Amino acid sequence: MPDAARAVAAVFREEHGRLLGALVRRFGDLDLAEEVAAEALEAALVRWPVDGVPPKPGAWLMTTARRKAVDRLRRDQTYAAKLAVLQAEIDRSAPPASGGELPDERLELFFTCAHPALAAEDRLALTLRCLAGLTTPEVARALLVPTATMAKRIVRAKNRIRDHRIPFRVPTGDELRTRLPGVLQVLYSLFTEGYAASSGPYIQRPDLADEAIRLARLLHRLLPERETTGLLALMLLVHARRDARTGPDGEFVLLEDQDRARWDSVLIDEGRDLVPEALTGGPPGPYGVQAAIAALHDEAPDVATTDWPQIVALYDVLLTLTPTPVVALNRAAAIAMRDGPEAGLKLLDDLADEPRLRGYHPYAAARGDLLHRLGRHEEAAAAYREALASAGTEPERAHLRRRLSTLETH
């Protein structure tokens, strides 16, 4: 990829959410915002190789997108009443200040997409697709559903916003808190895609993880609820391991093989200090419990001395709060560390008919690892091949190929 094209892609990844949030807030039309943002990207791909990357690329994209939006509206006579106002604003180089109680336009749009008129599954799909900049297949993979199903959810959510005239405004008071769980779910999904990418040449997308943490910090200052605190703690404690998750050539490094000296002690201390706040003052929430699990991992000098009994006990609690197959998978892996691979494998085999784990490569990879530890090499190889067929990133595929190669030497 030419240098200018890489620069455009990098800037667009970083600015996409803020760009879309500002455009939606100004024009009140999600489809229009997406279309002109894409047109601004195309314009950058044409102009920047010739003129060079501008000093403020985000502002350049914003100005270009706003002008293209006004051009579109000018051609549509149904928007004639808006043009006088829009034309007066077109030459402003800075995005408008956020209104209401939220200090960030992207958070405003998150709360808009969390409107109760939208089904919960549609809210999450729409926000990840539009604000996180994930492709529809990436969103589908993240939420363990077929791509065609996800595409229908996104279209359905957009249509409902349009047909029900859901306003792009900041909720206040009790309404803000009512929508908070949906926003937390989106931020967690955004972070997860950044920390463990669902597809592409890299295992991580640090720009997404950093943005999720930035927004979580803003939200925590605005609404320091226990689960907001728990989510921020979880993100910090997990993100602290980012540098150790890849080797010199970008290869994937498992937790048990990571150089813990490369973990970020500042983030660990900050996240660990938040965990008691997330777990006290009422019944525990899912993010607080996950943060406690992450803290136990980060406190341990190595895998062997990790407090696996306490981690299993926390997963028992988490499974009652969030009874999903992914939580059950993680609990089985923890039990394998506490009680041995045979115990963990039995639990994984009990999940074999779970439809949401079909095509979910971490499940097949976990079975392969436990079968490998038990010396059942042919079965382990079959599990690794199954995982390889559905793994989304090249580092994960390379890791699984190395596992298969090791088995072939036996």
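The values are calculated or read from the model by the stated rules, or taken from the named source; none is laboratory data. All values reported here derive from a predicted model rather than from experimental measurement. Glycine gets a Cβ as well: all are built from the backbone with ideal geometry, and neighbour counts include every protein chain shown.
Restricting attention to region 303-313, does a residue exist that is under 25 Å from THR147 (Cβ atoms) and surrounded by fewer than 19 Cβ atoms within 10 Å (Cβ to Cβ)? Within region 303-313, not a single residue is under 25 Å from THR147 (Cβ atoms) and surrounded by fewer than 19 Cβ atoms within 10 Å (Cβ to Cβ). The single condition among (1) over 20 Å from SER198 (Cα atoms); (2) in a helix (DSSP H, G or I) that GLU396 does not satisfy is (1).
Residue count for region 182-201 satisfying the condition of being within 15 Å of THR135 (Cβ to Cβ) and not aliphatic (A, V, I, L, M): 7. Among residues of region 382-410 that are among the charged types (D, E, K, R), those with a beta-carbon under 6 Å from a residue that is surrounded by 20 or more Cβ atoms within 10 Å (Cβ to Cβ) and not in a helix (DSSP H, G or I) at least six positions away or on a different chain give the pairs GLU396/PHE252; ARG397/ALA391.
In region 122-151, which residues are at pLDDT 80 or above and among the charged types (D, E, K, R)?
Selection gives ASP122 alone.
Applying a threshold of 8 Å to beta carbon distances and a minimum spacing of six or more residues, or different chains, the list of pairs starting in region 41-65 at a residue that is farther than 19 Å from LEU30 by Cα and ending at one that is in a loop (DSSP other than H, G, I, E, B) reads TRP48/PRO54; PRO49/PRO2; ALA59/SER93; ALA59/ALA94; TRP60/PRO54.
Just to verify a result, which residue in region 328-354, among those that are part of a helix (DSSP H, G or I) and of a type in the set (Gly, Ala, Ser), is farthest from TYR315 (Cα to Cα)? By that ranking, first place goes to ALA343.
Taking region 22-60 as the range and being part of a helix (DSSP H, G or I), under 24 Å from LYS158 (Cβ atoms) and among the acidic types (Asp, Glu) as the test, the residues that pass are ASP31, GLU34, GLU35, GLU39, GLU42.
Of all positions in region 356-369, none carries a residue that is surrounded by fewer than 18 Cβ atoms within 10 Å (Cβ to Cβ) and more than 22 Å from the chain's Cα centre (by Cα).
Which residue is modelled with the lowest pLDDT, if the candidates are limited to region 176-198 and must be over 14 Å from TYR287 (Cα atoms) and assigned to a helix (DSSP H, G or I)? Restricting to residues being over 14 Å from TYR287 (Cα atoms) and assigned to a helix (DSSP H, G or I), the top hit is LEU176. Within region 199-218, the set of residues being out of contact with any Phe, Trp or Tyr (no Cβ under 9 Å at 6 or more places or on another chain) and in a helix (DSSP H, G or I) comprises ASP207, ASP210, ARG214, ARG217, LEU218. Taking the numbered list (1) in contact (Cβ under 8 Å) with a residue 24 or more places away in the chain; (2) in a helix (DSSP H, G or I) in turn, VAL303 passes all entries but (2). Among the residues of region 23-60, those that are more than 24 Å from THR112 (Cα to Cα) and of a type in the set (Lys, Arg) comprise ARG47, LYS56.
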